Amino acid sequence: MTRKILLSLALAFAAVFPAFAATVGAPAPQFTATDANGQTHRLSDYAGKIVVLEWTNNQCPYVGKHYNSGNMQRLQAEAAAQGVVWFSVVSSAPGKEGYVTPEQERAIVAQRGAHPRGALLDPDGAVGRAYGARTSPHMFVIDQQQTLAYQGAIDDQPTTDPASLKGARNYVREAVAALRAGRPIAVSETTPYGCSVKY
């Protein structure tokens, strides 16, 4: 069996069984990806820093709840002020809901007033499948040693209603705060909610 076939089988397996793709407590899958501005990012470049990966789809109402309310932008800005590296990731395939060109994604980021370090474009789904990203948003927090420290939902309110944000428990904020303080993360894994990633 050729290496190409084996790789294809591995990617298909990861897509069907995402829990096997990235495991909390294990090394985070390494990746190289290009953002909407044409800059290349490697996860290894950010060793020693906390990294947040946020899967997004501009046509998903669950994503809309967090961006239209300003919730996601506030969280991104808060994280950046703490030295956290935040990437939005778009894994929608060409022709599928949420697919964007670099120009379109730059316009979306500007219109939202978003604050990611970069908006990574992943149209072939390589990064998404490596992590087992299932929904938008699906959140991953990687610690300073590049171990996956949290994966799952952004909060405990799996709804599109912006009113649910009041009093919501934000798991990403909690995970980042625990890592910065050198404490164990109270909740390191939850079930993500949102629209399915359109591979």
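Taken together, the values in this text are just the output of simple stated rules run on the coordinates, not laboratory data. Every value quoted in this text rests on a predicted model; they were computed, and no experiment measured them. Cβ atoms come from the backbone with ideal geometry, glycine included; neighbour counts cover every protein chain shown.
Per-residue HN-Hα couplings for segment 133-149, Karplus 6.51 cos²θ - 1.76 cosθ + 1.60 at θ = phi - 60°, whole Hz, x for Gly and Pro?
The phi angles translate into 5, 10, 9, 10, x, 10, 10, 10, 10, 10, 7, 5, 9, 6, 9, 5, 9 Hz.
How do L43, L121, L53, L165 rank when sorted from fewest to most other Cβ atoms within 10 Å of their own Cβ? All intermediate terms of the calculation are to be shown ahead of the outcome.
Working: L43 20, L121 23, L53 27, L165 17.
Lowest to highest Cβ neighbour count: L165, L43, L121, L53.
Along the charge dipole of the chain, which of G38, Q111, A26 sits closest to the positive end, that is, farthest toward it, with unit charges on the beta carbon of Lys, Arg, Asp and Glu (+1, +1, -1, -1)?
Selected residue: A26.
Ranking request for peptides 59-67, 185-193: highest mean number of other beta-carbon atoms within 10 Å first, then the rest in descending order. Numbers along the way, then the final one.
Working: 59-67: 19.9, 185-193: 16.2.
The packing order, highest mean first, is 59-67, 185-193.
For the peptides 83-94, 133-144, what is the packing order when you average, over each peptide's residues, the other Cβ atoms within 10 Å and list the highest mean first?
Values: 83-94: 21.3, 133-144: 24.5.
The densest-packed peptide leads the list: 133-144, 83-94.
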